[in-house]
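As structure tokens, the structure follows; a few thoughts come after it.
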């Protein structure tokens with residue numbers, strides 16, 4: 001069966017999010033909720049409005065909104081008659097769900113699939129009163145919030161669920177909704193929340209017991225462990241201390257009495273008082289952290305007072321982030337004790353769940369990486385620590401060693417055998433990691449390969465005659481070494497007659513820009529010649545991508561900003577993820593795009609507007625894009641802003657990017673060469689108009705003083721500045737103009753302050 005029409009019942013955060021993602025996939029969907037007095041569809045309308053929020057918009061564009069029909073469960077229930085999938089996302093009350101299922105069964109067609117988004121009620125209870133024909137078509141589809149952006153979908157089958165139904169749901173959710181589908185047994189908490197919340201609670205109680213400051217705990221329970229930088233206290237604030245406490249209680253209610261989770265779920269008196277006082281996190285403006293005029297303040301866990309917390313410089317955390325968790329475990333300080341307590345309990349708990357939740361650790365690892373954004377899953381972390389060392393330390397602390405962990409003694413949970421990555425199963429057998437044919441995760445493929453050239457910032461590999469360049473440093477910030485690796489890959493692709501080149505990585509973000517620390521270093525040394533040389537090499541390298549005689553594909557995920565986006569801009573074909581965020585944001589830190597971004601933005605507007613005879617309108621468009629630091633939150637919006645070309649396209653599932661990129665190299669039908677002829681500039685008159693507009697906007701309070709200086713340099717590049725109208729510039733002239741303006745701004749005190757505050761405080765000062 002092909003799913004052509006969907007209904008989502010329940011227009012709360014999760015239901016609306018599911019409906020939004022179905023619409024993003026180009027499928028018609030009805031979003032229903034209870035009728036209300038007056039405006040009967042008010043609840044569904046409210047859900048749709050949430051999807052259009054500016055923070056994390058649930059819709060990729062305004063156009064997909066037309067695929068969402070809103071209604072209520074009284075007047076529009078008949079719409080379910082021809083729906084192929086009906087997803088229930090109502091309140092977690094068994095009686096309400098059962099009543100709803102009976103109504104659905106009386107209306108839907110006999111092939112319709114029904115699922116619940118529940119994470120707390122077993123399938124056996126949900127459908128115990130339903131006929132077998134209904135039970136065979138029922139499953140749990142547990143999405144994570146926000147639905148558009150969270151990759152994980154836990155797909156749970158019941159005892160009577162038809163395998164064909166699971167296959168249809170898995171295919172639709174993976175291929176069309178773009179989810180990483182993890183099959184789960186009908187066990188309490190499934191996989192992601194059961195292990196993820198356990199880890200969070202371990203870190204929370206360890207911090208209280210050991211007397212760590214929240215900022216200390218978050219610095220450790222974050223990037224040093226391969227976990228998002230929010231840490232534990234920051235995450236509680238982000239989700240809401242009250243809501244997170246409810247999640248913990250829900251797991252307490254459904255997990256068996258002997259489960260180790262209960263040891264980490266004891267209520268903390270301070271947090272009870274915080275909830276009572278309305279001190280519940282970011283939504284109330286204060287939780288464990290709060291923002292003040294002096295900066296970010298942190299709550300003392302001892303006297304419950306806030307104080308200014310200077311930027312922590314935990315050398316241990318910084319070292320572990322670079323070299324791995326072994327650094328944390330080798331430390332004998334209180335920080336090392338904290339790390340061992342969290343890791344030992346979390347990883348052994350994950351191992352103890354086998355075979356209750358499955359016969360191997362792949363589902364748990366996938367769930368933690370896709371649902372909690374861990375860099376490595378628990379079993380991958382045990383391999384990194386060393387199975388034998390981990391067992392030895394557990395025994396030294398008189399901690400139990402789970403059976404599945406004992407079986408791995410002297411070995412590992414993952415291995416490469418005959419060129420393929422395999423995973424250990426219970427009973428000491430091995431199997432190839434199962435992935436759909438078009439799903440390739442480079443972090444798995446990489447383990448079976450040796451790079452042709454590598455450094456701390458980047459590597460490149462030979463994929464059977466295709467060069468693949470991977471950026472792999474912090475935030476994938478680009479530096480001289482990154483560009484040298486890219487340059488080397490291009491050279492070898494030319495010399496060795498390779499079929500093409502791909503730039504891709506499997507990190508959370510493709511690249512957040514040029515390494516600002518490196519730029520800061522040039523400025524502090526007053527080495528403007530060195531900075532110019534770096535920019536010149538950057539420009540020449542990305543230009544080589546654009547003019548290469550072989551196919552070039554850049555396949556970005558997450559954020560591609562600043563210099564990272566300038567790499568994307570020079571690809572002959574871009575295959576990006578549907579949630580890719582792109583843009584040239586250099587103006588925020590007081591500089592201009594210096595790697596061809598200004599040049600490329602102008603040329604693309606000239607092409608889009610077809611105005612090569614008079615490029616004035618294109619100059620204005622480019623000037624506004626660059627000066628405002630505009631970003632596009634989806635590929636659809638990126639095309640509207642000429643950040644992508646007509647031949648570029650996107651995939652809903654980020655795990656299918658590499659397979660598509662390889663296919664695009666082998667079948668280069670979408671490759672479009674760059675035509676960058678000389679342009680006739682409008683020159684001084686238009687430049688002066690732009691400068692006047694900047695000054696007037698400053699007088700109106702729209703811009704800060706230095707914004708005018710930065711904007712002036714943007715205008716100078718796209719118009720030619722003080723040159724006479726009719727002056728002709730080549731592509732190289734635009735490259736040169738970018739570097740001149742970049743160096744001019746880098747020499748100003750105001751730009752130095754913006755860069756310093758961005759690096760030291762996490763956001764640039766407005767000046």
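Couple of notes before you dig in:
- Nearest 10 degrees, 0 to 90: helix 749-761 Cα axis against the chain principal axis: 10 degrees
- Note on the range 147-207: Kirkwood radius taken over Cα pairs, Stokes-Einstein applied at 37 °C and 0.692 mPa s, translational D equal to 249 µm² s⁻¹.
- The range 192-401 - percent relative contact order, Cα under 8 Å, separation 6 or more: 24 percent
- Normalised by 2.2 N^0.38 Å, where N counts its residues, the alpha-carbon radius of gyration of the range 357-458 equals 1.17.
- The value given for the range 192-401 is a Kirkwood hydrodynamic radius of 17.6 Å, derived from the mean inverse Cα-Cα separation.
- The order of the peptides 74-81, 511-518 by mean Cβ neighbours within 10 Å, most packed first, is 511-518, 74-81.
- Mean separation of Cα contacts under 8 Å, 6 or more apart, over the residue count of the range 637-767: relative contact order %: 23 percent
- Taking the longest Cα principal axis of the chain as reference, the axis of helix 705-719 is set at about 70 degrees.
- Hydrodynamic radius by Kirkwood, which averages 1/r over all alpha carbon pairs of the range 5-45, in angstrom: 10.3 Å
- Each of residue 540 and residue 4 was given a label point 7 Å from its Cα along the Cα-to-Cβ line. The distance between the two points is 5.8 nm.
- If R0 is 35 Å, the Cβ-Cβ spacing of residue 399 and residue 230 corresponds to a FRET efficiency of close to 0.80.
- DSSP beta bridge pairing in the chain, given as percent antiparallel to the nearest 5: 45 percent
- Cα-based equivalent ellipsoid of the range 74-154: semi-axis lengths in Å, sorted from largest, via gyration tensor: 20, 16, 13
- Compared with the alpha-carbon gap, the fully stretched path from residue 736 to residue 164 is longer by 199.9 nm at 0.36 nm per residue.
- From largest to smallest, the equivalent ellipsoid semi-axes obtained for the chain from the alpha-carbon gyration tensor read 44, 32, 28 Å.
- On Cα atoms only, tilt of 13-24 relative to the major axis of the chain in degrees: 50 degrees
- Spin-label model, residue 547/residue 330: points 7 Å from Cα along the beta carbon direction are separated by 4.8 nm.
- Sorted fewest first by neighbouring Cβ atoms within 10 angstrom, 540, 322 come out as 322, 540.
- Computed E for residue 529/residue 680 - FRET, C-beta separation, R0 30 angstrom, nearest 0.05: 0.40
- Relative contact order %, the chain, counting alpha carbon pairs below 8 Å whose residues are six or more apart: 8 percent
- Nearest-0.05 FRET efficiency for residue 66 and residue 722, computed from C-beta distance (R0 51 Å): 0.60
- Over the range 174-295, the fraction of Cα-Cα pairs per 10 Å bin, rounded to whole percents and listed from the shortest bin up, is 12, 39, 34, 13, 3.
- Here 335, 109, 698, 205 are placed in order of increasing Cβ neighbour count within 10 Å, fewest first, which gives 109, 698, 205, 335.
- Given in Å, the Rg to one decimal and the Dmax to the nearest whole number for the Cα atoms of the range 1-75 are 11.7, 39.
- Pairs of Cα atoms farther than 13 Å apart, the range 443-511, %: 59 percent
- Point-to-point label distance, residue 646-residue 464, nm (Cα→Cβ direction, 7 Å offset): 3.3 nm
- Dividing the Cα radius of gyration of the range 245-329 by its Kirkwood radius returns 1.08 for Rg/Rh.
- Extension gain, residue 612 back to residue 246 (0.36 nm per residue minus Cα-Cα distance, nm): 125.7 nm
- Kirkwood Rh and Cα Rg combined as Rg over Rh, evaluated for the range 714-758: 1.11
- The separation of the range 89-133 from the range 551-605, counted between C-alpha centres, amounts to 46 Å.
- For the range 522-598, the equivalent ellipsoid derived from the Cα gyration tensor has semi-axes of 24, 17, 8 Å, listed largest first.
- Kirkwood hydrodynamic radius (C-alpha pairs) into Stokes-Einstein, the range 5-184, 25 °C and 0.890 mPa s, D in µm²/s: 153 µm²/s
Bear in mind these aren't lab numbers, they're just calculated from the coordinates by the rules spelled out. Owing to the predicted nature of the structure, the values given are computational and were not obtained by experimental measurement. Reconstructed Cβ throughout: ideal geometry from the backbone, glycine too, with neighbour counts over all protein chains shown.
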